[in-house]
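Right, one structure below, let's go through it.
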């Protein structure tokens, strides 16, 4: 080939790079491994993640749910996972049609009118929602509940720090565990949006109806974030409570935990904001023969056309994970999603009930929860949980002292359909034994 | 013969939306029976908080329905595994199945991101190792793997520049430095990311040679308001900015920093390093250069690498090693842990640690290639692009004389005389079995076709691609209608995108129920 193109040597292919910028040594990375060696190596490294094989009650933004086998099988089809963004619709209809179905499913679950083709994850979707609220209302103050996942609040802050948006935090009620409308003291006619999470970081179900009425009375939008998307199988949709933008982490719908990613952000809003929404949208279209197909649409919002005036800088999104969500939701279907949600709620309430019976333990927040709840232990939570992991091989929950030093004895417990009664009973026994032993 | 008749009756060509296949009572799942005593729902969750719509409209189908549905519609996609996918600037290289297997190892796939540090040492080790390798490849020692995609990495890099200048100059002086310089050939994400970080964008012209105009750069740098430059190198015309050192010097002398868009790193890995060129901060695309799959639009991963000086501003948490007190020799002597204590950090850009599954795949790519393989991949990628250049130069207009690196831009100038434009050439290429190149980008080249073959094609396929492109060039002269009406072999023809945008239909809705005497009442 070199001879054919008239270049003397491989080195000459790089003549346009000045000599003094060429790397003269070889890269200091290891020599190539064979397939056998590589699998052995990653197998060994993976085995050091002892938490991956424990009985787990960890939630707080990432949830252990059953994933039907077909999900991974279908997303592993070359036609899906080795395709690019569907810029050439004639040869991308598989991707485009599945995104159209994804958008529809997101609307159905959230009770909203339109949804985009995905964001990076729930936290960045929330940040984009805050930016969008400012564009829509042309107001610059945003009030976010402190009962939102701390990572989500941090990401929102990073995104908006130079956008001329004042991000205020409103306290949650430490008795009930939710964001009361009375606490929205800063809400006024300069407020672009009120932001809450429901179920919130502590698992408590927020009164979205009351919050939306309060926000709307001031001309502000209500943004609702959801980290446990399976709650939508049981709980009233944010759309029907009056939410203007709904963002969610889609991981619960068929996506492995994978140490925090890749996950997928769901983003839904009202029809009237279609031209303000960030990210890609797929719409229905027809060819000259009148055959239905799907295309990327309303692209004039996007960076490749609008550049610095785009509604977002996002380009690559989470296409394949959105596909996993689509396949999951279609396989589980209307009844499956409802039944999983019901099992989560029932098992979590069984666990909460049993834990609350233990001497010294309580489930302090008074409002209803879905599948996650805060437990207050009679002793410090962090060592208690560590001991439970090493002695009983149970990851019993997440110590809240990792996020808030004022909560030394509190931890979050999450129960899903994958947890059996036997596991829950072992958790309860473990908590009893270890707390008694340390007192 | 001008058109090939289209097949429309094949069942797999007419797969409906899943909602149109749905039938009440069908189900594709199985769950064990509830093993705790069921409490009436109203006692757990008051009825005003319960769903009232019974999820009406959501699909009810069997598992076989789902498998056939997605298998059928998948056949409407073009994919890398089917053939060459020469999208310029997208680096559509082969996605190894081995890397997919690695990402699915239980110890990683089933690991919760908030598991304790002690119990996720393997996962942290992967992050740490990949960071070291990427630092070596870029020559930039500070690194965060948190950004989820290229544009996200850009935003991170630009926020770091802003935080650095704020710290260096103080907020007041820094407030006067709010200009970000971006060449007219840049990706649209560059100005969008700069805007998101609170900068005003000024555009730098390219020269007739397709390189950054140094005089214009000097002029723009003369006002003391420049915070930085965002530069892609090789640039989006596939040309190495050979004045890169001078460019960096000009920007640095003006008090600014240089951000490099690493989208085109596939031309440089093992050959040259941005850190050695004077670049301060760069993002990489693991889904381009390091072969993690594009997945029909994502997930990506956009690590941000920077100089030692900028390191304190990287997102938190960082992954660091620390010694562990232990008298038990079976326990680790050093341990990886999360460090949040960087008061100058720009903050978190994503929940948890980023698109971790992509990091596993990228590390597997680096380890299976090794130092030799990484360099060889770069060499093959550039050789392939040069071979295509050589093969097409007699039939297509090449707007810039310089030999390209890993991608080359041609235009439709000659074909346009017959009324055949880039879009038509792209659509006709589909009939020949190839995915079209990137079209109408970069914006500064009229009718651009940006072709990036990557290292994942052999000579035979390159010849077939060249042959197809040359054949289309002949058709444009002999039978332009054939090209103008392409594609002819796909399930559907060109879709009316303008109509789709005028009255957007963005979701399926059930057909209105038929009006009957009962429902009218």
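Key figures
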read-out: Residue identified as modelled with pLDDT of 95 or more, under 35 Å from the mean Cα position of the chain (by Cα) and facing chain A (nearest Cβ under 7 Å) among B:113, B:46; value: B:113
read-out: Qualifying helices (runs of 4 or more DSSP H) (wholly inside segment B:435-521; at least 3 residues being over 21 Å from residue B:93 (Cα atoms) and more than 29 Å from the chain's Cα centre (by Cα)); value: B:459-478, B:480-484, B:517-520
read-out: Residue match in segment A:349-362 (condition: under 24 Å from the mean Cα position of the chain (by Cα), in a helix (DSSP H, G or I) and within 9 Å of chain B (Cβ to nearest Cβ)); value: yes
read-out: Residue among A:306, A:292 that is more than 7 Å from every other protein chain (Cβ to nearest Cβ) and under 30 Å from residue B:200 (Cβ atoms); value: A:306
read-out: Residues satisfying the stated conditions in segment A:363-377, i.e. in contact (Cβ under 8 Å) with a residue 24 or more places away in the chain, more than 8 Å from chain B (Cβ to nearest Cβ) and in contact with a helix residue (DSSP H, G or I) (Cβ under 8 Å, 6 or more places away or on another chain); value: A:369, A:371, A:372, A:373, A:374, A:375, A:377
read-out: Evaluation of residue B:297 against (1) in contact (Cβ under 8 Å) with a residue 40 or more places away in the chain; (2) surrounded by 24 or more Cβ atoms within 10 Å (Cβ to Cβ); (3) not in a helix (DSSP H, G or I) (one fails), failing number; value: (1)
read-out: Candidates A:59, A:111 - the one that is surrounded by fewer than 24 Cβ atoms within 10 Å (Cβ to Cβ) and more than 7 Å from chain B (Cβ to nearest Cβ); value: A:111
read-out: Matching option when the condition is free of Cβ contacts under 8 Å to residues at least 12 places away in the same chain and touching a strand residue (DSSP E or B) at 6+ places or on another chain (Cβ under 9 Å), among A:104, A:137, A:110, A:124; value: A:104
read-out: Unique residue being at the interface with another protein chain (Cβ under 7 Å from one of its Cβ atoms), in contact with a strand residue (DSSP E or B) (Cβ under 9 Å, 6 or more places away or on another chain), under 25 Å from residue A:71 (Cβ atoms) and crowded, with 24+ Cβ neighbours inside 10 Å when the list is A:327, A:314; value: A:314
read-out: Scan of segment B:81-94 for residues that are at the interface with another protein chain (Cβ under 7 Å from one of its Cβ atoms) and either in a helix (DSSP H, G or I) or surrounded by fewer than 23 Cβ atoms within 10 Å (Cβ to Cβ) (or both), ordered by number; value: B:81
read-out: Scan of segment B:300-313 for residues that are closer than 21 Å to residue B:149 by Cβ and part of a loop (DSSP other than H, G, I, E, B), ordered by number; value: B:300, B:301, B:302, B:303
read-out: Segment B:117-158, subset touching a helix residue (DSSP H, G or I) at 6+ places or on another chain (Cβ under 8 Å) and part of a loop (DSSP other than H, G, I, E, B), residue farthest from residue A:260 (Cα to Cα); value: B:139
read-out: Verdict on residue A:274 being within 7 Å of chain B (Cβ to nearest Cβ), touching a strand residue (DSSP E or B) at 6+ places or on another chain (Cβ under 9 Å) and not in a strand (DSSP E or B); value: yes
read-out: Among the residues listed as A:232, A:211, the single one being surrounded by 23 or more Cβ atoms within 10 Å (Cβ to Cβ) and more than 25 Å from residue A:57 (Cβ to Cβ); value: A:211
read-out: Any hit, segment B:252-260, residues being closer than 18 Å to residue B:134 by Cβ and at pLDDT 95 or above; value: yes
read-out: Top-ranked residue in segment A:67-99 [being more than 7 Å from chain B (Cβ to nearest Cβ) and more than 24 Å from residue B:150 (Cα to Cα); ranked as surrounded by the most Cβ atoms within 10 Å (Cβ to Cβ)]; value: A:71
read-out: Test: residue in segment B:65-72 that is more than 7 Å from chain A (Cβ to nearest Cβ) and either under 29 Å from residue B:275 (Cα atoms) or touching a strand residue (DSSP E or B) at 6+ places or on another chain (Cβ under 6 Å) (or both); value: no
read-out: Test: residue in segment A:370-377 that is closer than 30 Å to residue B:24 by Cβ and buried (at least 19 other Cβ atoms within 10 Å of the Cβ); value: yes
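The values are calculated or read from the model by the stated rules, or taken from the named source; none is laboratory data. In this text, all values refer to a predicted model and were calculated from it rather than measured experimentally. Here Cβ is always computed from backbone atoms with ideal geometry, including for glycine, and neighbour counts include all displayed protein chains.
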